[in-house]
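What follows is one structure encoded as structure tokens, with my remarks underneath.
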Amino acid sequence: MTKRKQTKKVTSTPLVIKYLSLAAIALLMLGIAGLSGYYFGFESGQEQTKAQLAQEQAQAKKVIEELQSAAETQVQKSRNEQLGELLKKHEEVAAAEPQPPVAEVATSEVAATHEYENVPPEGPKREATKKATLPKLAIIIDDVAFARDVAAIKALNIPLTLSFLPPNKRHPDSAQLAAKEPFYMLHLPLEAMNFSAEEHHTLYVKDSQQRISERIAELRKIFPKTTYVNNHTGSRFTANEVAMNRLGFALRQEKMHFIDSRTTAETKVPKVMQNFNLPYVARDVFLDHVADVQAIKKQIRRAVEIAKQSGSAIAIGHPRKETLRALRESSDVLREVQLVRIDHYM
């Protein structure tokens, strides 16, 4: 996981102190009342028992728990209000940006590719670290949408993470295929700077909070088991802080975690994750930007080296025959790390 600076959580300190002070007073008063009653009853022959004292102490504990719960609820409410203000603050800025034309959805199968033309953007900066345990490497296979993809990936018999595209006319069975897997990710289509094979229902920078939240809620129903999401394309969307704040809010509502595919060097995801007080998680290496077995093997070696230097790494590939062959022929290299699914990487 990418190391990041810890951010200061949004709290409501005076309110928390107020609640906890009331809790302390409640405990003191109930405790004194219980003890006084107990000893007075003992001396005067009253039927005050230890059981009654225990009951009073339990009531005091309940009061404290209720006050603490109220304090935590208020702190969370304050955090949500601040994030809401952050989204509202940039609403006019986002509204002023021009809306690009919606690309025509392709009607035929398109080979898996990314939107950049030359070399993919670098992964996040990592610090060297030494760990006693074997370093972790998570390999995500994007653009999974067909039964043949799933069969070919699983035939490798190694722990790869499958990231499924949402279903559409071109690949209508992707959600049904995902449902058969014990674990999978959602490969979420986001707006690109330039991309000719745009997925249906791609989310755009100009989309409102309501539109984005409704789409994420819909995908939660389609992919009920998913807890991790990474972006399909998205060079324009992930470079826009307002749009990413809206998406981050929607994903948090559905308890989904975002992994940045880093399709642009201008990504604002690190800052947005900081806004939400969440760790930034991103891919380090694209394996198959060049669809050549030897080139992909070189990228696999690079991912392994990053993992060995920093303790962990994330690589992204696609269900291409060249990629699957390169992975199969890299078994010796992959033994130098602990190959894990993304849910065991975090």
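The values are calculated or read from the model by the stated rules, or taken from the named source; none is laboratory data. From a predicted model like this one, the values you see are computed outputs, not experimental measurements. With ideal geometry, Cβ positions are generated from the backbone for all residues, glycine too; neighbour counts draw on all protein chains shown.
Points worth noting:
- The range 252-266, subset over 10 Å from Leu190 (Cβ atoms) and crowded, with 24+ Cβ neighbours inside 10 Å, residue farthest from the chain's Cα centre (by Cα): Arg262
- Among the candidates Ala243, Ala239, the residue that is over 27 Å from Lys136 (Cα atoms), modelled with pLDDT of 95 or more and in a loop (DSSP other than H, G, I, E, B) is uniquely Ala239.
- Options Ala178, Ala217: the member that is assigned to a helix (DSSP H, G or I) and buried (at least 21 other Cβ atoms within 10 Å of the Cβ): Ala178
- All told, Leu287 meets the bar of being in contact with a Gly (Cβ under 6 Å, 6 or more places away or on another chain) and closer than 21 Å to Asp142 by Cβ.
- In summary, Ala192 fulfils each of the numbered conditions (1) touching a Leu at 6+ places or on another chain (Cβ under 7 Å); (2) in a loop (DSSP other than H, G, I, E, B); (3) crowded, with 21+ Cβ neighbours inside 10 Å with the single exception of condition (1).
- Those residues of the range 139-179 which are closer than 20 Å to His344 by Cβ and basic (Lys, Arg), in sequence order: Lys154
- Ile259 being over 24 Å from Ile139 (Cα atoms), aliphatic (A, V, I, L, M) and in the same structural domain as Pro166 (by TED's automatic domain parsing): no
- A Cβ distance below 9 Å, combined with a sequence gap of six or more or placement on separate chains, defines the contacts here; from the range 249-271, residues that are of a type in the set (Gly, Ala, Ser) reach residues that are modelled with pLDDT under 95 in the pairs Ser261/His114; Ala265/Pro121; Ala265/Glu122.
- A single entry from Val304, Val337, Val290, Val333 fulfils the requirement of being hydrophobic (A, V, I, L, M, F, W, C), surrounded by fewer than 24 Cβ atoms within 10 Å (Cβ to Cβ) and touching a Lys or Arg at 6+ places or on another chain (Cβ under 6 Å): Val333.
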